[in-house]
1. I need the semi-axes of the equivalent ellipsoid of the stretch 1-154: take the C-alpha gyration tensor, multiply each eigenvalue by 5, square-root it, list largest first in whole angstrom.
2. Which FRET efficiency value, to the nearest 0.05, do you get for residue 127 and residue 256 by plugging their Cβ-Cβ distance into 1/(1 + (r/R0)^6) with R0 = 45 Å?
3. How do 194, 221, 27 rank by accessible surface area computed with a 1.4 Å probe, from largest to smallest?
4. Rounded to the nearest Å, what's the spacing between the alpha carbon centres of the stretch 117-158 and the stretch 217-268? Just the number, please.
5. Put +1 on the Cβ of every Lys and Arg and -1 on every Asp and Glu Cβ in the chain; which of 100, 89, 201 then has its Cα farthest towards the positive end of the dipole?
6. Output ³J(HN,Hα) for the stretch 161-167: one whole-Hz value per residue in order, computed from phi by the Karplus curve 6.51 cos²θ - 1.76 cosθ + 1.60 with θ = phi - 60°, and x for Gly and Pro.
7. Just the accessible area per residue of the chain, please: how many Å² with a 1.4 Å probe?
8. Assuming a strict under-24 Å limit between Cα atoms, what lysine pair count do you get for the chain once near-sequence pairs (fewer than 8 apart, same chain) are dropped?
Amino acid sequence: MLSTKAKRTINYIIVYSILILLAIICLFPVYFIFIGSVNPGSSLHSSQIFPSPADWNWGHYRALFEEHNYVTWYKNTMFIAVSNMLISTLFGVFSGYAFSKFRFKGKKQGLMAIIILQMFPTIMGMIAIYTLLGAFNLLDTHLGYILVLAAGSVAFNTWIVKGFFDGIPNSLMEAARIDGATNSETFFKIMLPLAMPIITFVAFNSFIAASMDFIMAEVILRSSSNWTLAQGLFTLVSGQANNNFTVFAAGAVLISIPLMVLFFVFQRYIVEGMTAGAEKG
């Protein structure tokens, strides 16, 4: 019979082996993209998995700036992502707080409408969105695209923020009212600091969604000067004449840098927001 210590050791070995395997599976695509970006040539099929550092070719990164409008695409993407993050987070927090802490006529119907809206992706209304933007002369504009992204994320953000606020005791609001605080003071000075984890999660999620979106951007943004990185990089690998997969990989590596920086800076808040929204939503 194995001792308790031996059983615990075996369990640790099994658990950590599984975790290491999962980490390798998750990180290998990232490693492959980076290695592909420094491999010579233009095809990923001939890329070496473990090339010698002496054979690394950084010319693909230089080609992004010298031969393509990568800087313009990058600026457009960052502007759209930051704008969508601010608008989506603002509306999501305000509406989620209202649905959670206030009573008003139509609240139940509004929550039901939010649930139903989450069942249908934005892409299902592509024709209607295209027609509506055309009627307001917002086609091929960053403003029109940002409005579509923000509107499409309001339902999800409202629901997950509401779930977080539901977990905050109403006694805090009642105590603030007894002390003479107004609704605005209660929200900004008490509730908002407590909701920082879910606010960070919603903001980070909105930023990523706008950075990675391609389909709606391709429908709305037609001029190359307005393209996002997803559209611009797609032109490098679309069609028979365009097969710059290594340059494409280099562009993918660079766009991942701000996402990784944001994640590591706000990692604690993002993880707390994800767990809190899942448990209380």
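The values are calculated or read from the model by the stated rules, or taken from the named source; none is laboratory data. What you are looking at is a predicted structure, and each value in this text was computed from that prediction instead of being measured. Glycine also receives a Cβ, built like all others from the backbone with ideal geometry; neighbour counts cover every protein chain displayed. These accessible areas exclude ligands, DNA and RNA; they are computed on the full protein's heavy atoms, side chains included. Shrake-Rupley method; radii C 1.70, N 1.55, O 1.52, S 1.80 Å.
1. Details: eigenvalues 359, 236, 36 Å².
The three semi-axes for the stretch 1-154 are 42, 34, 13 Å.
2. Details: r = 33 Å, r/R0 = 0.73.
That gives a FRET efficiency of 0.85.
3. Values: 194 80, 221 0, 27 110 Å².
In descending accessible area the options line up as 27, 194, 221.
4. 21 Å
5. 100
6. Result, ordered by residue: 5, 4, x, 5, 5, 4, x Hz.
7. Details: 16560 Å² over 281 residues.
For the chain, the solvent-accessible area averages 59 Å² per residue.
8. Count of close lysine pairs: 12.
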